[in-house]
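Read-outs throughout are calculated quantities, based only on the coordinates presented, and are distinct from any laboratory measurement. Computed from a predicted model, the values in this text were never measured in an experiment. Here the Cβ positions follow ideal geometry from the backbone for every residue, glycine too, while neighbour counts run over all protein chains shown.
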Amino acid sequence: MKGETSSNVELAHAHPARVRRLIRDGGWDRPTTGLCLGYLQANLVILPHDLADEFRSVCESNPRPMPLLDVTEPGDPHPRRVAPEADLRTDLPRYRVYRSGELSAEPTDVRDLWRDDLVGFLLGCSFTAEGRLLEAGVRLRHLELGRSVPMWRTSLQVRPAGRFQGPIVVSMRPIRRDQLELAERVTAELPLAHGAPLHVGDPETIGIRDLARPDWGDAILPLEDEVPVFWACGVTPQALIAAVRPEFAITHAPGHMFITDVPDAAIRGREPALAALVP
C-alpha cells in the first residue's frame with residue numbers, strides 16, 4: 001500500500017476502509033469529494049475536554065450546519081460508532097491545527113499532537129449527498145472539473161452555546177434550473193448530511209459578495225442555465241474556532257474529510273442525533 005496512488009474515478013466506489021488505509025499510508029492527500037460514493041463522509045473537530053460539553057451543545061442547537069454523528073471519549077482517537085477500526089489521528093488526508101484561534105499548521109498526520117484530554121467530534125458532510133445527487137442524475141460540475149466545492153462565511157449566525165458563537169459557513173454547487181427541485185428533494189432526505197439547501201439564488205442575501213472569491217475551496221461560477229445553491233457546511237466549526245480562539249484545536253482541512261463505514265442509505269430521513277446511528 002505504501003506509495004500507492006489512485007484516481008478519483010478508481011476510488012469513487014471503493015470501500016471506506018481501503019481509502020482510509022491509502023490515506024494513512026500517504027497515498028492520498030487531496031480532497032475527498034467524489035470518493036466512496038454511497039458512504040457517509042464527516043467533518044472533524046478535536047477540542048480539549050474542558051470545551052467538549054459546550055461544543056456538543058452548539059452542535060445540538062445547530063443541526064443544519066453541524067449534524068453530530070459521533071463523539072469520542074477523552075484521549076480515544078477511535079470513532080467507535082461510525083468506524084471503530086479507524087484512527088482520527090491518521091485517517092484524514094489533511095488537518096488544520098489551531099493555537100489560540102490562529103491556524104498554525106496543516107499536517108497530514110496529528111499523532112505527535114495527540115493528548116489524553118482531547119475529544120473528537122464527527123459532523124455530517126454534504127459530500128455524502130453528492131452520491132445521491134449523482135444517482136438521481138443531477139449534474140455536479142465541480143466533480144467533472146476535479147475541483148473542491150467553494151465555501152463562504154455568511155451573514156447568518158449560529159445559535160450560540162457557551163463560548164461558541166459566530167457565522168454559518170455554506171458550500172455552493174451550481175444546479176441547472178430544470179434540476180433544482182430534484183436537488184432540493186434528494187438532499188432533504190439526508191438531514192445528517194446538512195439536508196436541503198439553506199439558500200437558493202442571490203448570494204448577497206446571505207452576505208456573499210463575490211462568487212469568484214470563496215473563503216475556502218475552488219471558485220465554480222454558475223452557467224447561464226444554472227442557479228447557485230447553498231448548503232450548510234461543516235466548515236462552520238472552523239469559523240467558530242476563529243471567533244472563540246480556544247488554546248488548541250484540530251480540524252479537517254476544508255474538503256479533506258473523514259470517510260465513515262456508514263452507508264448513506266442508513267441515514268436517509270434520520271434527524272441529527274447520535275442515537276440515530278447504529279455502530
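Computed over the Cα atoms of the chain, what is the ratio Rg over Rh, Rh following Kirkwood?
0.94
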Of Pro222, Trp152, Thr205, farthest towards positive along the dipole that unit charges on Lys, Arg, Asp, Glu beta carbons give the range 127-236: Trp152
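Based on the Cα gyration tensor of the range 127-236, what are the three equivalent ellipsoid semi-axes, each the root of five times an eigenvalue, rounded to whole Å and given largest first? Let's see the in-between values first.
Details: eigenvalues 99, 54, 31 Å².
Each semi-axis is the square root of five times an eigenvalue, giving 22, 16, 12 Å.
Placing unit charges on C-beta atoms (Lys and Arg positive, Asp and Glu negative, everything else neutral), compute the dipole magnitude of the range 127-236 about its Cα centre in debye, rounded to 20. It would help to have the intermediate numbers written out before the result.
On the way: 13 positive and 15 negative charges, 90 e Å.
Approximately 440 debye in magnitude.
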Among Gly34, Gly234, Gly101, residue whose mean-square fluctuation peaks in a GNM of the chain (springs only between Cα atoms under 10 Å): Gly101
Rg and Dmax of the range 1-144, Cα atoms only, in Å: 15.8, 46
Choice from Pro167, Pro84, Pro191 with maximal GNM fluctuation in the chain (Cα, 10 Å cutoff): Pro84
Most mobile of Asp91, Asp215, Asp76 in a GNM of the chain (Cα contacts under 10 Å): Asp215
